[in-house]
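The values are calculated or read from the model by the stated rules, or taken from the named source; none is laboratory data. Because the structure is a prediction, the values reported are computed rather than measured. Note that each Cβ is placed from the backbone with ideal geometry, even for glycine, and that neighbours are counted across all protein chains shown. Note: areas computed on protein heavy atoms with side chains; ligands, DNA, RNA excluded. Shrake-Rupley method; radii C 1.70, N 1.55, O 1.52, S 1.80 Å.
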Amino acid sequence: MPYPDLLRKSWDRAIRRLGLSEYNPHDLRHKWTTVALTNGVSIHEVSRWLGHRSIKVTVDRYGHLTQDGQERCRQVVETTVGPYMLTPGQATAVRGTGSVLA
């Protein structure tokens, strides 16, 4: 390439002309990843799009953005165990019946 810094200089000039805060092209990659993961795209799919050699790279960097985090775990536990949970004022479950006495 005859002008190795041409892309960078063109990028910087465009950012200045648009009056945007200073950031680099790699920031767009992070932005796309954040938008994709927070909108429910599978982390496996995002990892493939990013070209990461291992999903571990994606999870280590962006895992906190997935819907598969603590909230999803809480939802699964609540859905699965919720009907069997005791609420204040209820007696204990009768052994072997799977029901709760009121």
Problem - Vicinal HN-Hα couplings computed from phi for region 51-66 (Karplus, 6.51 cos²θ - 1.76 cosθ + 1.60; Hz; Gly/Pro x) - result: x, 5, 5, 9, 5, 4, 4, 5, 5, 4, 8, 10, x, 5, 8, 7
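For region 1-45, which whole percent of the accessible surface, found with a 1.4 angstrom probe, sits on carbon and sulfur atoms?
Numbers: 2160 of 3670 Å².
After summing per-atom areas, the C and S share lands at 59 percent.
Calculate, for Ser42 and Tyr84, the FRET efficiency according to 1/(1 + (r/R0)^6) with r their C-beta to C-beta distance and R0 41 Å; round to the nearest 0.05. Please report the intermediate quantities before stating the final value.
Working: r = 31 Å, r/R0 = 0.75.
Plugging the Cβ-Cβ distance into 1/(1 + (r/R0)^6) gives 0.85.
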